[in-house]
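Undergrad: Following this message is one structure expressed as structure tokens.
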Amino acid sequence: MPLIFDRVQTRTPVGWNVGHWNYLQADIAEACDGNVTVGGDPLVCFHFSGFDPSLPERLSKYDKRNTVIENPVVQRLARDYATTLQDTRARIPAISPKPFATLSDGTKISPLWREAVRVGHRLVADVANPFDVKSTSRLKARLRKAAIDVLDSRKDWQHEGLKELGKRVQAVPVLGYLYRLVRAALEQYR
């Protein structure tokens, strides 16, 4: 309430905001009881943003100036944190970074397939699980056919698809010439 009352001050303990950006200026030490202090106050929160547990000697990938931790107390904090992260990851089952990027057989899912399912295309409207190849007969064939209809309904995707096709075709000299010839002819009718 410093705005209402005179002689009121606020004090944020320095132990609340320590990270790679300010640890060199902070007076970080270990007290007699083993607790970490910052300027005499208890360390409450150390930010490990950008920390890589496989490189515990480096505090953060975001700090290009300080590549090696010099303070032994911070070195211990970083090693302890790395160990905790690695132990935790060992106990958690591996999760795919993109769990919905493929069908159950590993086939990569096309954005057109997603759109077909999203709009409830008649070929996939009865599919209970659009990721499970085994539970739906000819799922991939149905998704491919539905994708053609979906592309016809999405003019924005057609334009992007043509641009991508154009890049690929132009990489082949003869096809690139033909592609540019056709594009030039079509530009007349825009």
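The values are calculated or read from the model by the stated rules, or taken from the named source; none is laboratory data. What you see is a predicted model; the values in this text were computed from it and never measured. Using ideal geometry, Cβ is built from the backbone for each residue, glycine included, and neighbour counts are taken over all protein chains shown.
Undergrad: Suppose we filter 164, 187 for residues that are of a type outside the set (Phe, Trp, Tyr), modelled with pLDDT under 90 and under 20 Å from residue 101 (Cβ atoms); which single one remains?
TA: None of the other options fit; the residue is 164.
Undergrad: Still on this structure, I have one more. Just to be sure I understand the filter: pairs with C-beta atoms under 6 Å, separated by 6 or more residues or on different chains, first member in region 22-33 and in contact (Cβ under 8 Å) with a residue 40 or more places away in the chain, second member surrounded by 15 or more Cβ atoms within 10 Å (Cβ to Cβ) and part of a loop (DSSP other than H, G, I, E, B). Which pairs pass?
TA: Within 6 Å, the pairs are 28/71.
Undergrad: Can you say whether residue 63 is over 21 Å from the mean Cα position of the chain (by Cα) and either among the charged types (D, E, K, R) or part of a helix (DSSP H, G or I) (or both), as far as the supplied structure shows?
TA: So residue 63 fails the test.
Undergrad: Let me ask you something else. Run down 14, 18, 8 and say which single residue is over 24 Å from residue 83 (Cβ atoms) and surrounded by 15 or more Cβ atoms within 10 Å (Cβ to Cβ).
TA: Just one listed residue meets the conditions, 14.
Undergrad: Okay, next question. Give the residue that is modelled with the lowest pLDDT, with candidates limited to residues of region 83-127 that are more than 30 Å from residue 52 (Cα to Cα) and of a type in the set (Ser, Thr, Tyr).
TA: The residue in question is 110.
Undergrad: Give the residues of region 1-21 that are of a type in the set (S, T, N, Q) and in contact (Cβ under 8 Å) with a residue 12 or more places away in the chain, sorted by residue number.
TA: Taking region 1-21 as the starting set, the residues that turn out to be of a type in the set (S, T, N, Q) are 9-10, 12, 17.
Once the filter is applied, which keeps residues that are of a type in the set (S, T, N, Q) and in contact (Cβ under 8 Å) with a residue 12 or more places away in the chain, region 1-21 yields only 17.
Undergrad: Kindly indicate the residue of region 24-60 that is in contact with a strand residue (DSSP E or B) (Cβ under 8 Å, 6 or more places away or on another chain) and of a type in the set (Phe, Trp, Tyr) and also farthest from residue 78 (Cα to Cα) among those meeting that condition.
TA: Step by step, filter region 24-60, then rank; the result is 46.
Undergrad: Tell me which residues, restricted to region 139-161, are within 30 Å of residue 105 (Cα to Cα), at pLDDT below 70 and not hydrophobic (A, V, I, L, M, F, W, C).
TA: 158, 160, 161
Undergrad: Continuing with this model, one more query. Take the conditions assigned by TED's automatic domain parsing to the domain that holds residue 34, modelled with pLDDT under 90 and of a type outside the set (A, V, I, L, M) and apply them to residue 80. Does it pass?
TA: Considered against the rule, which asks whether it is assigned by TED's automatic domain parsing to the domain that holds residue 34, modelled with pLDDT under 90 and of a type outside the set (A, V, I, L, M), residue 80 comes out as no.
Undergrad: Of all the residues that make up region 33-51, how many are loosely packed, with under 15 Cβ neighbours inside 10 Å and closer than 28 Å to residue 87 by Cα?
TA: Residues that pass the stated criteria total 8.
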